[in-house]
């Protein structure tokens, strides 16, 4: 579906959003991106709408199945933030959502890739800084932290020589190879990534769902930098890369069970870094509890550049 609003309503909402952001000293999202389905996955939600409160706040909220979430909450004060959160929860309950997730602190969701991005000065055209008063407002309404994540940068300090050694040894020992999505072709790469994702129930996608994700990413999905690990023709891991300006980001990396701890991630990252030569490289958002990936990245010289907390609330308990 798409959020149905007239041109007059859309323009009015963008004006209100700009005023709220200015009053709260926030970076204002690009209103043009807000209404492009390819840039904003929330416009394809089962339910979706815009919410605003007279205290000085507005937000886009949506629901996919029993899970609800919202993004780009704009509020000029703590009072407005709490009123806005209450309005969002009221709408989610009316839709029958069992749980609502969001926002992400310290920065909001980047609709182009569906993931939290880095520091304010590095934010995309559709990201904004989340003011500190949202934290207490979320806590007062019963939200708790459901996920902590770290964004890593693969800069000049990255020990690529070590990556070369580890990847070469692992590939020779276990007999897999790494190919780019450009070499495999869109359809084969899509099917391979979907196949790997089904090994993890939390991240599982069908071929159609993966195709929809890649379609939503559009040109930001980088075929040369996206890498697939193959063993005897079977996909055992993948790294989905996106590009925004001069920044290359490993948005998602997954490895099948039975192939973890075999430096598959290192081999995928090395192949991406080679293809991203001349660009600033980031290694997506890694869960704080993912000790193996964090150790591998930090040992190779990657450094954490931003820390995130995502909040959630079970609506059935309130």
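Each value in this text was obtained by applying a stated rule to the coordinates, not by laboratory testing. Keep in mind that this is a model prediction, so the values were computed, not measured. Glycine also receives a Cβ, built like all others from the backbone with ideal geometry; neighbour counts cover every protein chain displayed.
With a Förster radius of 41 Å, plug the Cβ-Cβ distance of residue 177 and residue 314 into 1/(1 + (r/R0)^6) and report the FRET value to the nearest 0.05. Could you put the intermediate results ahead of the total?
Values: r = 44 Å, r/R0 = 1.08.
With a Förster radius of 41 Å, E is 0.40.
Pairs of Cα atoms under 8 Å, at least six residues apart: use those to get the relative contact order of the range 151-239, whole percent.
34
If neighbour count is taken as other Cβ atoms inside 10 Å, put 74, 21 in order from fewest to most. Present the calculation step by step, with values, prior to reporting the outcome.
Numbers: 74 29, 21 20.
Ranked by crowding around the Cβ, least crowded first: 21, 74.
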Going by how many other beta carbons lie within 10 Å of each one, how would you line up 286, 242, 15, fewest first? 15, 286, 242
Mind giving me the nanometre distance, one decimal, between the label points for residue 168 and residue 219, set 7 Å out from Cα along Cα→Cβ? 3.8
Considering every Cα-Cα pair within the range 217-318, what fraction, in whole percent, is farther apart than 19 Å? 48
Based on the inverse mean of 1/r over its pairs of different Cα atoms, what is the Kirkwood hydrodynamic radius of the range 156-301, in Å? 15.2
Quick one: compute the contact order of the range 156-301, relative version, from alpha carbon pairs under 8 angstrom and 6+ residues apart, as a percent. 27
Calculate the spin-label point distance for residue 206 paired with residue 277, positioning each point 7 Å from the Cα along the beta-carbon direction, and give it in nanometres. 4.2
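In nm, what is the difference between 0.36 nm times the number of residues separating residue 16 and residue 160 and their Cα-Cα distance?
Values: separation 144, 0.36 × 144 = 51.84 nm, distance 4.76 nm.
Full-extension gain reported as 47.1 nm.
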